[in-house]
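Right, one structure below, let's go through it.
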Amino acid sequence: MIAELGLALLWIAAALACLSLVAGTLYLRGGQKDLAALVRPASVAQGVLTATAFCLLIALFVRSDMSVELVARNSNSLKPMIFKIAGTWGNHEGSMLLWLTILSLSGALIALFEKRLREDTLIATLSAQAALGLGFFAFLIFSSNPFNRLPVAPPDGQGLNPLLQDIGLAFHPPTLYVGYVGLSVAFSFAVGALITREIGPAFARAMRPWVLFSWIFLTIGITAGSYWAYYELGWGGWWFWDPVENVSLIPWLAGAALLHSVAVTATRNALRAWTVMLAVIGFSMSMVGTFIVRSGLLTSVHSFAVDPERGTFLLVLMAIYIGGALTLFALRAGSVAEGKKFALLSREGALVINNLLLTTILALVLLGTLYPIVAEAMGEKISVGPPYYNRVAGPLALILCLVMVAGPLLGWRKDDGKKLWSRLPLAIFAGAAVLFALILFGGKVGILPLLGMTVAGVVAVASLAPLWGRNLRRTPLPTWGMVIAHFGVAVCLAGMGAESAFIKERLVAAAPGDVIKVGDFAVKFVGVKPVAGPNFTSIEGTLVATTSGGQSFTMRPEARTFPGLMGTAPTETNEAALLTRPGGQLYAVLGQPVTSNDGTADRYQIRLWWKPLVWWIWLGGGLIALGAALSLLGRAQLLGIWRSRRRRKSEERFAP
Amino acid sequence: MRLMLVLLGLLGAFTAPLAAQDRLPPAPYAYEQLRDPAKEARAKALMEELRCLVCQGQSIADSDAPLAGDMRHEVRSKIAAGESPDEIKAWLVARYGNWVSYDPPFDRATAFLWLGPLLFLLLGGWLAFGRFRRGASDDAEDSA
């Protein structure tokens, strides 16, 4: 029953999306004024129904209803409850339903809370959101139905990929999806404003909280994903420039550019066409990412050809939405004036350069991600990886950071170069100090980490400069947000630089009792013992790490084996042990047993890394998200509503 | 880089460890470092640029796949024998094609990959600076 009800709800929600779209269109073409009243409630109902359908799918996973194909393929009755729930979105169909749920809920939230836009722009926005929903409902129902029943229910399910059975990863995709799909709101706002030609500060102010909101989630999602890869994959890498990572980074870059350009539009009524363009690009990149990941293109062009139905469906949807929005933009571009002018040396000027660099980085990451796919289709097999991105994106990112130093210290419209210099000496001194210290004491450091840490020093000090001489209690929240986010970039950059420059690695085959030296630690391999988990068996090693100061810490890395379920092969994973110290992290992995020549197997492969300041990378990511959250809080409509309500009350009190 | 791996690198250098997943045990240098820190650093840098051919988006420096282990052994052995990273890479590219290297060469097929970002930057810069020239002189006139 549950599965059938879920599917029925999806159909009704799709019908409501259709209703919003038709009613909105008829209203906007003139005449049918009363139809507009339908759009808001229909959007809200669509959101509620889709969310209910998603909850029903969770219920099916919780009950381990193996008559449902999706549950049988991706779950198992022996799994811990939390991973049964997480299994709901750990697969194609479930994750697409989650995607659509967030899309529909966003529409519902606009319908409920957006009060600043003109009525016709709001209806156009909701119609655009409904149009987006409609296509993805069709995709879900016709080619990825999550509620499909099996003719015969198997006794139990095939389980979830053990790599994904991790609490961090359980909540990573939903976070990222909120960010991805949250950008759809900016897209719909842009389309709505293009249709009614209402592009200006009011539109920018209405859009800004949504951009901030989804960007916060993208930042948290990417940071958490990076940390997950770091501790779960067992080799201590935190960013691989893997296509799946890249397609999450691309919308993040678009969001970062958009929230800076929307600030210019909201404050100075400038860069209007560009802001609209970025809003379209942002969600388009989310769709491109979804397409690349979901179509199977990633593994190979050929895996796309094996099951082309879903890929082609997504490709057509994408072509309609992106093509439609761009056509609308081209038609209206003439009537969208860029707005107020400004000098190069001004806050706006710095933000334009920020946008130029961010979009260039976006374009090159997209190019590097798609290039191998296109090349393969033309008969060339090439790989694009870290060497390319570090060499091409690295320098651009460092220049971007330097622009970030100057931007917040410049005034709007026009500023004086000499004044800018007078605000910078402390920051330049900090950078120089870092550079000299690295050259004198750092040993052989690569050029990119060296420059990275130097720029981090400059940015760290300069990012605090906007607070200089201000009454900190009266400083508005968005200013705090900017300062904290920019400081977070410095922290993150310093972590990346220090980790790549000063990492220490030891790979050995060790017998119990052996002592391995790495960095400042002497690590003693005490021994191993078997451990039984809820749905795996494991060999747990015990290591005692002693610092040169004499402090000792116990570390317990594990090598886990998940049995194959319903005829699948067993899977092995490494659970690294991490020791976090103020100066960095000690990372230990227990590998496989090693047999000596005489046949005894008393030694184990042990991998140890000392990673200086590595946790600063994620601390920085967290600070960036925190800064954006403070900005959002400072600008959120809720606060505005609360304030105006208080004002109204006090006015009413004094009214005659 | 201050790598101290004189003592323990010796321990298991020429024994045959047992792999649970694969029939054949991994080769000695798959999970062990070279004794000379300078050589190990060169090997490590090269391994990070080589694709693990059977994995999804991982270099041979961070994969548990048996093939990645064999390739690490190959790279470390050749570096130990005195070959340069470029020679080893050329040898691998001759065997597996450019697919094996994460650092694509500059040739006709990849020209746009390498020059594209520069084109984007120039195009974007040209568009943006066009705006400044017009904008620098006037003050606060609203062109809307």
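Worth pointing out:
- Index of the failed condition, A:Val48 passing every other in (1) crowded, with 18+ Cβ neighbours inside 10 Å; (2) of a type in the set (A, V, I, L, M); (3) at pLDDT 90 or above: (1)
- Residue match in segment B:35-54 (condition: touching a helix residue (DSSP H, G or I) at 6+ places or on another chain (Cβ under 9 Å), part of a loop (DSSP other than H, G, I, E, B) and farther than 21 Å from A:Leu233 by Cα): yes
- Residue count for segment A:383-427 under the criterion of being part of a loop (DSSP other than H, G, I, E, B) and closer than 30 Å to A:Ala270 by Cα: the result is 9.
- Matching residues in segment A:363-403 - criterion: being closer than 23 Å to A:Val455 by Cα, more than 11 Å from every other protein chain (Cβ to nearest Cβ), aliphatic (A, V, I, L, M) and in contact with a helix residue (DSSP H, G or I) (Cβ under 6 Å, 6 or more places away or on another chain): A:Leu398, A:Leu400, A:Val403
- Contact annotation: residue pairs with Cβ atoms under 9 Å, 6 or more positions apart or on different chains, pairing a residue in segment A:21-41 that is surrounded by 19 or more Cβ atoms within 10 Å (Cβ to Cβ) with a partner that is of a type in the set (Lys, Arg), are A:Tyr27/A:Lys33.
Results for (1) at pLDDT below 90; (2) farther than 21 Å from A:Phe171 by Cα; (3) under 27 Å from the mean Cα position of the chain (by Cα); (4) outside any helix (DSSP H, G or I), shown as yes or no for each residue.
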residue: A:Ala15; (1), (2), (3), (4): no, yes, no, no
residue: A:Gly90; (1), (2), (3), (4): yes, no, yes, yes
residue: A:Leu98; (1), (2), (3), (4): no, no, yes, no
residue: A:Ile110; (1), (2), (3), (4): no, yes, yes, no
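- Qualifying positions in segment B:72-109 - within 14 Å of chain A (Cβ to nearest Cβ), crowded, with 16+ Cβ neighbours inside 10 Å, within 17 Å of the chain's Cα centre (by Cα) and of a type outside the set (Phe, Trp, Tyr): B:Arg72, B:His73, B:Val75, B:Arg76, B:Pro85, B:Lys89, B:Leu92, B:Asn98, B:Val100, B:Ser101, B:Asp103, B:Pro104
- The single condition from (1) under 17 Å from the mean Cα position of the chain (by Cα); (2) touching a residue at least 40 places away in the same chain (Cβ under 8 Å); (3) part of a helix (DSSP H, G or I) that A:Trp238 fails is (3).
- Test: A:Gly324 is under 22 Å from A:Ala193 (Cα atoms), of a type outside the set (S, T, N, Q) and within 8 Å of another protein chain (Cβ to nearest Cβ): no
- Test result for A:Ala601, of a type in the set (A, V, I, L, M, F, W, C) and over 30 Å from A:Ala456 (Cα atoms): yes
- Restricting segment A:371-384 to residues that are touching a residue at least 12 places away in the same chain (Cβ under 8 Å) and not aromatic (Phe, Trp, Tyr), the residue that is surrounded by the most Cβ atoms within 10 Å (Cβ to Cβ) is A:Val384.
- Sole residue being touching a Gly at 6+ places or on another chain (Cβ under 7 Å) and in a helix (DSSP H, G or I), chosen from A:Leu60, A:Leu70, A:Leu35: A:Leu70
- Matching residues in segment A:526-566 - criterion: being more than 35 Å from the chain's Cα centre (by Cα) and surrounded by fewer than 13 Cβ atoms within 10 Å (Cβ to Cβ): A:Lys529, A:Pro530, A:Ser548, A:Gly549, A:Gly550, A:Gln551, A:Ser552
- Test: A:Ala333 is farther than 30 Å from A:Thr265 by Cβ, away from every other protein chain (no Cβ under 11 Å) and either over 31 Å from the mean Cα position of the chain (by Cα) or not in a loop (DSSP other than H, G, I, E, B) (or both): no
- Test: A:Val515 is under 38 Å from the mean Cα position of the chain (by Cα), surrounded by fewer than 20 Cβ atoms within 10 Å (Cβ to Cβ) and free of Cβ contacts under 8 Å to residues at least 40 places away in the same chain: no
- So B:Asp107, is it touching a residue at least 12 places away in the same chain (Cβ under 8 Å) and in a loop (DSSP other than H, G, I, E, B): no
- None of A:Gly591, A:Gly549 is at pLDDT below 95, farther than 30 Å from A:Gly255 by Cβ and part of a loop (DSSP other than H, G, I, E, B) except A:Gly549.
- Every residue from segment A:514-532 that is assigned to a loop (DSSP other than H, G, I, E, B) and either on the phi > 0 side of the Ramachandran plot or within 9 Å of chain B (Cβ to nearest Cβ) (or both): A:Asp514, A:Gly519
- Neighbours by Cβ (under 6 Å, 6+ apart or cross-chain): first from segment B:40-65, more than 7 Å from every other protein chain (Cβ to nearest Cβ) and in contact (Cβ under 8 Å) with a residue 12 or more places away in the chain; second in a loop (DSSP other than H, G, I, E, B) and among the β-branched types (Val, Ile, Thr): B:Ala65/B:Val54
- The combined condition, being touching a Lys or Arg at 6+ places or on another chain (Cβ under 7 Å), in a helix (DSSP H, G or I) and either at pLDDT 90 or above or of a type outside the set (Ser, Thr, Tyr) (or both), is not fulfilled by A:Phe54.
- Test: A:Phe83 is in contact (Cβ under 8 Å) with a residue 12 or more places away in the chain and under 22 Å from A:Leu21 (Cα atoms): no
- No other residue among A:Thr175, A:Thr219 is polar (S, T, N, Q) and surrounded by 24 or more Cβ atoms within 10 Å (Cβ to Cβ) apart from A:Thr219.
- Flag for A:Val483 being assigned to a helix (DSSP H, G or I), touching a Ser or Thr at 6+ places or on another chain (Cβ under 8 Å) and not polar (S, T, N, Q): yes
- Which numbered condition A:Asn148 misses (of (1) in contact with a Leu (Cβ under 8 Å, 6 or more places away or on another chain); (2) among the polar types (S, T, N, Q); (3) buried (at least 18 other Cβ atoms within 10 Å of the Cβ)): (3)
- Condition met for A:Ala153 (within 27 Å of A:Leu9 (Cβ to Cβ), more than 14 Å from chain B (Cβ to nearest Cβ) and out of contact with any Pro (no Cβ under 9 Å at 6 or more places or on another chain)): yes
- The set of residues from segment A:399-417 being small (Gly, Ala, Ser) and either free of Cβ contacts under 8 Å to residues at least 24 places away in the same chain or surrounded by 16 or more Cβ atoms within 10 Å (Cβ to Cβ) (or both) comprises A:Ala406, A:Gly407.
The values are calculated or read from the model by the stated rules, or taken from the named source; none is laboratory data. The model shown is predicted, which means the values in this text are computed figures rather than measured ones. Note: ideal-geometry Cβ built from the backbone for every residue, glycine included; neighbour counts use all protein chains shown.
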